[in-house]
Amino acid sequence: MLVGTAAAVLAGCATVTTAVALPARGRDVPDVAMVVAGGTGRTTAVRSGEPAFARLWQLLQATHTGTERVPEEWTVGDFPQVRLTVVWGLSGVGGRPSTNRPPGGDVAVERQDQPVVAEDGMPWVRSDPTPAVEDDDIRRHRAPRSVAAAR
């Protein structure tokens, strides 16, 4: 069964080593994840360097940019229930003249991932690479079976 709450995903993070799962820190690599538990609206923020961030990065394969063919009904909005939404962000952006604050306090939304499980039990990740832009660029890819097994 797919992760039911953000707390469940974040609770199982001790088993992933940070060195293996963390992204290489580049200029445009997300360093914060806002995790929203589906149906509850509860939000948890985790940062790069924390085991929870590393676990999410690894499970959702956050660097995946391709897409795979899915059933036609998924493309028109009839896809499996989303139980968790992860909004990846890049902190330390903004500042004058864009805002009235010094640089470093704003977060740019980089990507949104939503794990779902198909009827056959295959876990998928539904990704919006630019959630701040209104477009139809939704990408999907298979996820590791551990996404479906995580509790």
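The values are calculated or read from the model by the stated rules, or taken from the named source; none is laboratory data. What you see is a predicted model, and the numbers here were worked out from it, not measured in a lab. Backbone-built Cβ (ideal geometry, glycine too); neighbour counts: all protein chains shown. Remember, those area values only see protein heavy atoms, side chains included, never the ligands or the DNA or RNA. Shrake-Rupley method; radii C 1.70, N 1.55, O 1.52, S 1.80 Å.
For Asp31, the amide hydrogen comes within under 5 Å of the amide hydrogens of Gly89, Leu90, Ser91, counting only partners 5 or more places away or on other chains and with H modelled in the peptide plane.
Take His141: with every protein chain present and a 1.4 Å probe, its accessible area is about 0 Å².
Model label points for Glu73 and Val109, set 7 angstrom from Cα along the Cα-to-Cβ axis, are 2.8 nm apart. Using θ = phi - 60° in the Karplus curve 6.51 cos²θ - 1.76 cosθ + 1.60, the 3J(HN,Hα) couplings for the range 37-46 round to 6, x, x, 9, x, 5, 10, 10, 10, 10 Hz; x is entered for Gly and Pro. Can you give me the % of accessible surface on the range 38-90 that is carbon or sulfur? Probe 1.4 Å, all protein chains present, nothing else counted. Carbon and sulfur atoms account for 47 percent of the accessible area of the range 38-90. Taking Phe79, Phe53 and ordering them by how much accessible surface each has at a 1.4 Å probe, largest first, produces Phe79, Phe53.
Couplings for the range 67-74, taken from phi via the Karplus curve 6.51 cos²θ - 1.76 cosθ + 1.60 with θ = phi - 60°, read 9, 10, 5, 10, x, 3, 4, 5 Hz in order; Gly and Pro are left as x.
Using R₀ = 35 Å, calculate the FRET efficiency as 1/(1 + (r/R₀)^6) where r is the Cβ-Cβ separation of Glu134 and Arg47; round to 0.05.
Once rounded, the FRET efficiency stands at 0.80.
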